[in-house]
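> Before anything else, here's the structure in question.
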Amino acid sequence: MFRGTPRFPPDKYGSILRTAGADQNAYTTADITVYHITFSKEDLDTMLMLEADRFQNLKYSPEIFKTETLAVLGEYNKNSADPNQKLWETLLGTAFVRHPYKHTTMGFIKDVEAMPENYDYGIEFFNRYYRPEYTTIIVAGDVDKAAVRKAVDAYWAKWKRGSYRPDIPAEPPQEAPRTTQVAWPTATLPRLAIAFHTPAYSDRNSDWAALDVLSYLGFSENSDLYQKLVIQEQKVDSLGAYLSESPDPFLFTVTARIKKPTDIRYVQDQALATLQNFSDTLVEPKKLQAVKEHLRYEYSLSLDNTQAVAMAAARALRGRTNLDTIDKLYSLYAKISPEDIQRVAKKYLVDKNRTIVTLTGGK
């Protein structure tokens, strides 16, 4: 997408951005690709024109395609040198058997290596997904809504919809716990990942919101377990839990980096005991209220510049098609009760729904 079009070849495209002093980049997750540009508001019309051109008229040769696919291979190899990446790759490959979440964003190495010969598929992929029905334009900043709409209509209105609909297989329920061990070839600190299948993001059903609150209660820096393992006993140097706003059911994941291999089982047992405690005991209402207020204020404070606002919008739209979802989600957070926390713990954080991956290094 950075290789230009017949109207704006790479040199011309780059020159326009440099003259405007614009900063641009892109990233891809399991569910979305985001192209982002930060620029002066006087250049809004130009930026919308440039983006419309490459989204509709991208053109590149097989030779350039091969060059870029080799760059992706280089990125894959660089990522493979990170034990955390290997842990995550193994976790996804173990927890999922059918859904495309089974592979990381970058994919399997055999597919990356084969991509240089898949120029035709690259073109087909662009024709399938770079269409109006899959695209959202987010403009954040000191701009006039009517003027933005006029510019969008001028450059994007003739863009034709596509007809492709992906067939994404549903992940079957996990019926027994899964465990995998990874042997890292060189010296590194041990890693632990404990994951449970969870529902897709929702701003209506309280399950996702309750699990997100639970992740903070159990594993944030203010949690009892963090204070014990990281601060007091100093057996762990990083601990946290993660829940993605995914449009399809994904994972609730607890991760820890442990200082000694002999402490892996102890840390694992402590994490599992923490999760079990949510099933056995109701959370203190004051503690729950403090976490809910923290989530709200942390989010509000993060929206301190236009790029942060745009990125927050992109994250929210990953699970929904309307930014009202943000207000709806925080309304759900406000209603979460101790009983909700206990209910989702009993429903999702159970043995048969669990995948554990450990990584240990060589000498």
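The values are calculated or read from the model by the stated rules, or taken from the named source; none is laboratory data. Because the structure is a prediction, the values reported are computed rather than measured. Backbone-built Cβ (ideal geometry, glycine too); neighbour counts: all protein chains shown. Note: accessible area is taken over every heavy atom of the protein model, side chains too, but ligands, DNA and RNA are not part of it. Shrake-Rupley method; radii C 1.70, N 1.55, O 1.52, S 1.80 Å.
> Using the structure shown, select from K292/K346; K292/K328; K12/K59; K287/K335; K41/K150 the pairs with a Cα to Cα distance greater than 18 angstrom.
K292/K346
> Right, another one. With θ set to phi - 60°, apply the Karplus curve 6.51 cos²θ - 1.76 cosθ + 1.60 along the stretch 91-104 and write out the HN-Hα couplings as whole Hz, x wherever there is a Gly or Pro.
4, 4, x, 8, 6, 10, 10, 10, 5, x, 4, 4, 10, 5
> Right, something else. What nm value, rounded to one decimal, do you get for the distance between Q227 and I137 when each label is placed 7 Å out toward the C-beta?
5.1 nm
> Could you give the accessible area per residue of the chain, probe 1.4 Å, as a whole number in Å²?
In whole numbers, the chain has 55 Å² accessible per residue.
> Then there is this: Tell me, what HN-Hα J-couplings in whole Hz come from the Karplus equation 6.51 cos²θ - 1.76 cosθ + 1.60 at θ = phi - 60° for each residue of the stretch 144-160, using x for Gly and Pro?
9, 4, 5, 5, 4, 4, 5, 5, 4, 4, 5, 9, 10, 5, 8, 5, 8
> Then there's this: Tell me the carbon and sulfur percent of the accessible area for the chain, rounded to whole percent, probe radius 1.4 Å.
Using a 1.4 Å probe with all protein chains present, the chain comes out at 51 percent carbon and sulfur.
> Just to check I understand the Karplus step: with θ = phi - 60° and J = 6.51 cos²θ - 1.76 cosθ + 1.60, what whole-Hz values come out for the stretch 212-226, glycine and proline as x?
3J(HN,Hα) across the stretch 212-226, in whole Hz: 5, 4, 4, 4, 6, 4, x, 9, 6, 5, 8, 6, 4, 5, 4.
> A further question on this structure: What is the calculated FRET efficiency for S163 to K59, with r their C-beta to C-beta distance and R₀ = 22 Å, to the nearest 0.05?
0.55
> Can you tell me which lysines have their Cα less than 17 Å from the Cα of K86? Leave out same-chain residues fewer than eight positions away.
Correct list for K86: K78, K102, K110.
> For K347, give me every one of the aspartates and glutamates with a C-alpha distance below 13 angstrom, ignoring sequence neighbours fewer than eight places off in its own chain.
K347 reaches D207, D280, E339.
> Collect residues whose amide H, placed 1.01 Å from N in the peptide plane, falls under 5 Å from the amide H of V182; neighbours closer than 5 in sequence don't count.
Residues meeting the amide H criterion: T358, L359, T360.
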